[in-house]
1. Could you tell me the convex hull volume per residue, in Å³, taken over the Cα atoms of segment 16-104?
2. How far apart, in nanometres, would the label points at Glu45 and Glu8 be if each is projected 7 angstrom from Cα along the Cα-to-Cβ direction?
3. Which residue, Asn2, Gly50, Ile117, has the largest displacement toward the positive end of the dipole of the chain when charges sit on each Cβ (Lys, Arg +1; Asp, Glu -1)?
4. For the chain, calculate the relative contact order in percent as a whole number, restricting contacts to Cα pairs under 8 Å that are 6 or more residues apart.
5. Treat every Asp and Glu Cβ in the chain as -1 and every Lys and Arg Cβ as +1, leave all other atoms uncharged, and give the resulting dipole magnitude about the Cα centre to the nearest 20 debye.
6. Kindly provide the chymotrypsin sites (Phe, Trp or Tyr not before Pro) of segment 1-106 that DSSP labels as loop, not H, G, I, E or B, and whose Cβ sees at most 15 other Cβ atoms within 10 Å.
7. Scan (1) 40, 37, 29; (2) 58, 30, 26; (3) 58, 24, 21 for the value of Cα extents along the principal axes in Å calculated from this model and give just the label.
8. Short version: ³J(HN,Hα) in whole Hz for each residue of segment 16-28, in order, from phi by Karplus 6.51 cos²θ - 1.76 cosθ + 1.60 (θ = phi - 60°), x for Gly and Pro, what are they?
Amino acid sequence: MNKEQLREIISDKMKLIRVEYGYTQNLMAEVLGLSKKTLVQIEKERTLAGWTTVVAVCALFQESEVLKSVLGDSPVEIVETIAHQQVERPGKKTLGGKVWWQTIAGGENFTLQQNLISQHYRIIDRNNHRRFSTIDRMEAENRFEAMAKKEL
């Protein structure tokens, strides 16, 4: 998934997210810093939400079941990974990949997983904290191998 694809997905689901939260168009536009006219254009699929709007939606509505269902887990993690191409730092605790994740490789202390929907990769530690994420499979595999070697 790339920025353009994410813009399309979020734009397509904007009205559902608004309805899920019980927001009027006026309130949703105010929360996102948009004009009502712009929000209406997005909801009627006449224009795509801009990147900053997509980031705002993912951050402000990160608990949305609509977002989680179309992105396959944490909207903030996905937008952060796409924006930076990769993220390397201890992250928040995850559910360990019980939903939306496929295990690619596993070691004693780390697991490499791929999100089934967004297709991005992450490495989690044995306590299920995200340690690294990227959209690049080779980078994910190389990083996993390097982390696994440190285990030995």
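Nothing in this text is a laboratory measurement; each read-out follows from the coordinates by a stated rule. No experiment lies behind these values; they were computed from the predicted model shown. With ideal geometry, Cβ positions are generated from the backbone for all residues, glycine too; neighbour counts draw on all protein chains shown.
1. Numbers: hull volume 10.7 nm³, N = 89.
Per-residue hull volume (Cα only) is 121 Å³.
2. 1.2 nm
3. The one lying farthest along the dipole's positive direction is Gly50.
4. Details: 228 pairs, mean separation 28.3, N = 152.
Relative contact order of the chain: 19 percent.
5. Working: 22 positive and 20 negative charges, 46 e Å.
In debye, rounded to 20, the chain gives about 220.
6. Numbers: sites: Tyr21, Tyr23, Trp51, Phe61, Trp100, Trp101; in loops: Tyr21, Tyr23, Phe61, Trp100.
In loop regions of segment 1-106 (DSSP not H, G, I, E or B), the sparsely surrounded chymotrypsin sites (Phe, Trp or Tyr not before Pro) are Tyr21.
7. Working out Cα extents along the principal axes in Å from the coordinates points to (3).
8. With the stated coefficients, segment 16-28 comes to 4, 5, 4, 5, 4, 8, x, 8, 7, 4, 4, 5, 4 Hz.
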